[in-house]
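Written below as structure tokens is the structure these notes are about.
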Amino acid sequence: MRQSLYALCVLCCISYWSAAQKTLKSEFIYEEAPFKNCHASTVEETPDGIVAAWFGGTHEKHPDVEIYFSKRHPSGWSTPVSVANGIQHDKKRYPCWNPVLFQVPNGPLLLFYKVGPDPRNWWGELIESTDGGKTWSLPRRLPEDILGPVKNKPVMLSDGRLLCPSSKEVEINGQDHWQVFVEETSDLGKTWKISEALNDGVKTNAIQPSILTYPDGRLQMLCRSKENRLMSFWSNDQGKSWDTIEITNIPNPNSGTDAVSLADGRQVLVYNPTERYKGKWGGPRSPLDVAISSDGKNWKQLVRLESEEGEFSYPAVIQAKDGTIHITYTHKRTHVKYVQLALP
């Protein structure tokens with residue numbers, strides 16, 4: 001019995017030491033903020049450093065929800081500031097949703113976000129900054145039916161096309177269904193193309209894709225679903241067409257995920273490795289894990305970010321120029337947490 005307990009303690013110590021070795025930083029972006037509730041963060045690297053954004057307000061769907069932005073300095077994160085809101089005029093405003101940051105190579109920092117009463121009736125807007133987020137342009141409403149990247153970052157291909165992973169919650173025969181689309185722009189959001197729906201939203205529901213790239217030229221999208229598993233699409237022609245949707249073996253409790261392609265060809269996924277409660281809409285959004293894969297099909301846990309009870313959800317992930325991984329996520333709906341990881 002003592003030997004078993006000793007062995008268990010050793011394993012726990014090894015696991016803790018391993019996680020600690022991978023984690024370079026783990027901190028809240030802010031301790032106090034002018035909002036009670038927050039969600040749906042996004043993270044990006046600019047020439048001046050790491051920046052993040054998220055939506056915050058009284059609660060999700062409240063008209064006072066705005067997009068907040070912060071930059072990481074050597075001394076810590078800057079005080080969050082509002083950079084976008086849904087004010088229409090002095091008598092009407094709508095909540096903001098799901099910001100997505102994207103640093104254009106040798107160009108501006110783009111911030112896509114949504115405005116509207118709910119995900120079935122929102123629309124896409126875009127602002128940009130030429131000074132790393134110190135100042136921003138006036139908002140530009142995207143064309144009808146174009147949302148921009150709905151939760152996770154776009155990918156710029158070698159031909160200059162910016163592929164934006166998008167999705168819509170649509171009504172089919174009186175019921176709400178989820179469908180994935182791919183939007184693309186070659187002029188940073190001035191003109192757009194949009195694909196047909198990639199799934200029917202009846203047999204399979206999928207939203208909030210992440211786009212992954214592979215050394216052989218293939219692309220993959222991993223998506224949130226209602227079916228207790230992540231969904232996957234593959235493209236062999238740089239996103240011009242996509243294969244039929246596949247159900248993966250990766251658990252998903254009807255919660256957002258994010259994934260990124262590494263410089264060495266591997267892939268990193270941040271997700272809740274759980275299933276939704278039977279008969280209920282949502283599921284447990286804890287624990288929160290980081291996994292790694294070389295083929296997009298077989299994933300191995302890299303580190304566990306959170307394991308206590310509560311909501312740890314909607315991650316965003318990038319790889320910085322120095323090779324480290326940067327992650328932000330919702331921490332119990334009151335804070336945004338930031339983690340920097342070293343790769344094995």
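Values in this text are rule-based calculations from the coordinates and carry no lab data. In this text, all values refer to a predicted model and were calculated from it rather than measured experimentally. FYI the Cβ positions are ideal-geometry reconstructions off the backbone, even for glycines, and counts take in every protein chain you see.
Put the Cα centre of region 147-212 next to the Cα centre of region 63-77 and the gap is 27 Å. Report the FRET efficiency, 1/(1 + (r/R0)^6), for residue 262 and residue 227, where r is their Cβ-Cβ distance and R0 is 30 Å, rounded to 0.05. Taking R0 as 30 Å, the efficiency between residue 262 and residue 227 is 0.60.
Given their separation in residues at 0.36 nm each and the Cα-Cα distance between them, residue 190 and residue 58 gain 44.2 nm when the chain is fully extended.
Report, in debye and to the nearest 20, how large the dipole of the chain comes out about its Cα centre when Lys and Arg carry +1 and Asp and Glu carry -1 on their Cβ.
Its charge dipole is roughly 620 debye.
The modelled label-to-label distance for the pair residue 75/residue 234, using points 7 Å beyond Cα in the direction of Cβ, is 5.2 nm. Entry note, the chain: the mean residue ellipticity at 222 nm calculated from DSSP H runs of n ≥ 4, each adding -39500 (n - 2.57), is -2000 deg cm²/dmol after division by the residues and rounding to the nearest 500.
Each 10 Å bin from zero holds the following percent of Cα-Cα pairs in the chain: 5, 26, 36, 24, 6, 2, 0, 0. Mean-square fluctuations from a GNM of the chain, with a 10 angstrom spring cutoff on Cα atoms, peak among 99, 284, 209 at 284. In terms of overall dimensions, the C-alpha atoms belonging to region 115-225 reach 46, 41, 22 Å along their principal axes, ordered largest to smallest.
Between residue 332 and residue 131, what FRET efficiency follows from the Cβ-Cβ distance if R0 is 30 Å, with the result rounded to 0.05? Taking R0 as 30 Å, the efficiency between residue 332 and residue 131 is 0.35. In the chain, a dipole from Cβ-located charges (positive for Lys and Arg, negative for Asp and Glu) runs towards its positive end, and of 126, 170, 344 it is 344 whose Cα lies farthest in that direction. Translational diffusion of region 7-157 was estimated from the Stokes-Einstein equation, with Rh taken as the Kirkwood radius over Cα pairs; at 4 °C and 1.567 mPa s the coefficient is 77 µm²/s.
Considering only 62, 40, 96, the residue lying farthest towards the positive end of the dipole of region 18-341 is 62, judged by Cα position with unit charges set on Cβ. At q = 0.14, 0.16, 0.22, 0.29 Å⁻¹, what base-10 log of I(q)/I(0) does the Debye formula yield for region 27-80 when every alpha carbon is treated as an equal point scatterer in vacuo? The Debye formula, applied to the Cα set alone, gives -0.37, -0.47, -0.81, -1.19.
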